[in-house]
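The values are calculated or read from the model by the stated rules, or taken from the named source; none is laboratory data. It should be emphasised that the depicted structure is a prediction, and the values quoted were computed from it without experimental measurement. Cβ atoms come from the backbone with ideal geometry, glycine included; neighbour counts cover every protein chain shown. Keep in mind that these areas ignore ligands, DNA and RNA; they rest on the heavy atoms of the full protein, side chains included. Shrake-Rupley method; radii C 1.70, N 1.55, O 1.52, S 1.80 Å.
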Amino acid sequence: MPLCVVQCVSSLRPWKFEHICIGFLSLLLRDDHPLPPPAVRFFVQSLNHDALIVRKMAISAVAGVMKQLKRPHKKVELNPYEISGCEEPGELMAGDRKDNRWLQYDGKNLLKTQEAWEACRFVEKTHWGYYSWPRKLLLYAPVQEQPPLGRSRDEMNEMEQIIFDHFSDPKFVDQLIKFLSLEDRKGKDKFNPRRFCLFKGLFRNYDDAFLPVLRPHMERLVADSHESTQRCVAEIIAGLIRGCKHWSFAKVSPLSLSHSLQLFHSLLEHKRVSN
């Protein structure tokens, strides 16, 4: 069915019928059935379409494709009281306790080595442990049991290769950033969660493969004081922060991400001055 719609869209001439068919094609995205390669290529190429409405639909669709291509990460069941080394309290107690101290930030005990990083138990749900623990606490398994990072193009499937080829092309990325940094509604530009999800998916599925291509654009956007450019780089950096959750210690260590951290601080400084 998606192939028929793609062929239909490619043969259409009136723009309004093209937009309708693209909308129908985007509705065919399902969690349990990946899009075929021609449909993936169509949506990726549509990210640089001349029409704004098509680009918006393509951003949502490609973000959805990224979620389809997300590799599952293994989780294991753990007992929070065994980790903390204390007994389960007999009554409900909210706030800081001995049994949730192990997941609290401690500036005196930072993870500065790979061994400390891999031994740490990360809990991504901020509400877990504050009042009580889930009956079945599932946390990510050690990095050795997770899908490998830093894959080459030959190790990817056809859909992943299509996205990889386009976002590795400096000309494609340059045109995409130009479109994304345009002002949508004058004076009403806001952080767009769909664009954020697009970049989150890129950094989650492909690690830091696209950082060399995106870094010059991030530097340029941060230096620009216009709201639209600041919004665009904020979406990219937010996607980077969320997408690097499963990166190795070597890739997320301060030395590796120092440049991105500097860009983030510059972005906050521009925002503070503008306010």
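The single residue among Trp102, Trp117 that is out of contact with any Asp or Glu (no Cβ under 8 Å at 6 or more places or on another chain), without any contact (Cβ under 8 Å) to a residue 60 or more places away in the chain and within 19 Å of Tyr140 (Cβ to Cβ) turns out to be Trp102. The set of residues in region 1-51 being at pLDDT 80 or above, more than 17 Å from Glu160 (Cβ to Cβ) and in contact with a Leu (Cβ under 7 Å, 6 or more places away or on another chain) consists of Asn48 alone. Select, from Glu82, Glu77, the only residue that is of a type outside the set (Lys, Arg), at pLDDT 85 or above, open to solvent by 40 Å² or more (accessible area, probe 1.4 Å) and within 30 Å of the chain's Cα centre (by Cα). Answer to the selection: Glu77.
Screening Arg151, Arg135, Arg101 for residues that are part of a loop (DSSP other than H, G, I, E, B) and open to solvent by 70 Å² or more (accessible area, probe 1.4 Å) leaves exactly one candidate, Arg135. Taking the conditions (1) at pLDDT 95 or above; (2) open to solvent by 50 Å² or more (accessible area, probe 1.4 Å); (3) in contact with a His (Cβ under 9 Å, 6 or more places away or on another chain) in turn, Tyr140 satisfies each one other than (1).
Considering Glu145, Glu124, the condition of being surrounded by fewer than 10 Cβ atoms within 10 Å (Cβ to Cβ) and in contact with a strand residue (DSSP E or B) (Cβ under 9 Å, 6 or more places away or on another chain) is satisfied by Glu124 alone.
Scanning region 206-246 for residues that are closer than 17 Å to His166 by Cβ and either touching a strand residue (DSSP E or B) at 6+ places or on another chain (Cβ under 9 Å) or of a type in the set (Val, Ile, Thr) (or both) yields a count of 2. Restricting attention to region 177-213, report how many residues are within 21 Å of Lys245 (Cα to Cα), more than 14 Å from the chain's Cα centre (by Cα) and open to solvent by less than 50 Å² (accessible area, probe 1.4 Å). Total meeting the criteria: 1.
Taking region 160-173 as the range and being open to solvent by 50 Å² or more (accessible area, probe 1.4 Å) and of a type outside the set (Lys, Arg) as the test, the residues that pass are Asp165, Asp169, Pro170.
Evaluating Pro216 against the criteria (1) part of a helix (DSSP H, G or I); (2) in contact with a helix residue (DSSP H, G or I) (Cβ under 7 Å, 6 or more places away or on another chain) leaves one unmet condition, (2). Exactly one residue among Ser260, Ser256 is farther than 17 Å from Leu176 by Cβ, modelled with pLDDT under 65, within 16 Å of the chain's Cα centre (by Cα) and surrounded by 14 or more Cβ atoms within 10 Å (Cβ to Cβ), and that residue is Ser260. Of the residues screened, Tyr131 is not one that is of a type in the set (Phe, Trp, Tyr), under 14 Å from Ser248 (Cα atoms) and in contact (Cβ under 8 Å) with a residue 24 or more places away in the chain.
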